[in-house]
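Q: Quick one: the structure is below, questions incoming.
The values are calculated or read from the model by the stated rules, or taken from the named source; none is laboratory data. Predicted model only: the values in this text are computed from it and were never measured. Positions of Cβ are generated from backbone atoms using ideal geometry, with glycine treated the same way; all protein chains shown enter the neighbour counts.
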Amino acid sequence: MSAIRVLIADDHVTVREGLAAIIGRQPDMEVAGEAANGLAAVNLWRERRPDVTLMDLRMPVMDGAVAIGEIRRIEPSARIIVLTTFDTDNDISRAIRAGAKGYLLKDAQREDLLDCIRRVYSGETCIPPALVAKLAAGMSTESLTARELDVVKMLAAGKSKKEIALRLSITETTVKSHLRKIFTKLGVLSRTEAVTVASRRGLVQF
């Protein structure tokens, strides 16, 4: 049988080299190429047509979720595994919706990574139960509107209701209305809880 050809996309050279070394030692795998950003990954995928792609999420030029979507537009059956340090609800959701067939954190055991590559290559999906539960929990609540996201981001930056109103050119009463809706959607009772939950879901970044 021919080896599973794996494309590695990560903006950290030490991570790419480490993954390449692990994959290169497997008798049933070989490295099809390495990319340092999402756009390079798309171009290299188009050129090499690997069997499986390992894709980081947060990369320069084009992030991983966008790159996954671009690759899947080229070939809807492309097999892509997200390998990242981020496990917020939003990160997981974006990757899965883009078409990722697997999702692993970079602290996963080597054998788990290799098993995931083989499973995705054979047509299975590979998402740890804990991440599936987190994704389900995040998707079970109503999503925030663009304006509500603006308010949450300003809360995270420590802005008061008055400052938020001035920045968004709305009244404080409107800000309070947005906050009530945000608290309900996130299932929280305070500004601090709202920021904490929004951060965990990847809606705001520090």
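Q: Quick check on Ala198: is it without any contact (Cβ under 8 Å) to a residue 12 or more places away in the chain and of a type in the set (A, V, I, L, M)?
A: The answer is no for Ala198.
Q: Now for a separate question. Restricting to region 1-10, name every residue that is crowded, with 16+ Cβ neighbours inside 10 Å and either farther than 16 Å from Ala65 by Cα or touching a strand residue (DSSP E or B) at 6+ places or on another chain (Cβ under 6 Å) (or both).
A: If the condition is that a residue be crowded, with 16+ Cβ neighbours inside 10 Å and either farther than 16 Å from Ala65 by Cα or touching a strand residue (DSSP E or B) at 6+ places or on another chain (Cβ under 6 Å) (or both), then Ile4, Arg5, Val6, Leu7, Ile8, Ala9 are the ones that fit.
Q: Here's a follow-up. Looking at Lys161, Lys153, Lys176 in this structure, which one is closer than 23 Å to Ser93 by Cα and either without any contact (Cβ under 8 Å) to a residue 60 or more places away in the chain or in contact with a helix residue (DSSP H, G or I) (Cβ under 8 Å, 6 or more places away or on another chain) (or both)?
A: Exactly one of Lys161, Lys153, Lys176 is closer than 23 Å to Ser93 by Cα and either without any contact (Cβ under 8 Å) to a residue 60 or more places away in the chain or in contact with a helix residue (DSSP H, G or I) (Cβ under 8 Å, 6 or more places away or on another chain) (or both), namely Lys153.
Q: Give the number of residues within region 69-97 that are without any contact (Cβ under 8 Å) to a residue 60 or more places away in the chain, among the aliphatic types (A, V, I, L, M), out of contact with any Phe, Trp or Tyr (no Cβ under 6 Å at 6 or more places or on another chain) and within 14 Å of Ile8 (Cβ to Cβ).
A: Looking only at that region, the number is 2.
Q: Can you name the residue in region 71-120 that is β-branched (Val, Ile, Thr) and at pLDDT 90 or above and is also surrounded by the fewest Cβ atoms within 10 Å (Cβ to Cβ) among such residues?
A: Ile74
Q: Please determine, by comparing only the residues of region 11-62 that are outside any loop (DSSP other than H, G, I, E, B), in contact (Cβ under 8 Å) with a residue 40 or more places away in the chain and in contact with a helix residue (DSSP H, G or I) (Cβ under 7 Å, 6 or more places away or on another chain), which one is surrounded by the fewest Cβ atoms within 10 Å (Cβ to Cβ).
A: So, considering only residues that are outside any loop (DSSP other than H, G, I, E, B), in contact (Cβ under 8 Å) with a residue 40 or more places away in the chain and in contact with a helix residue (DSSP H, G or I) (Cβ under 7 Å, 6 or more places away or on another chain), the one surrounded by the fewest Cβ atoms within 10 Å (Cβ to Cβ) is Ile22.
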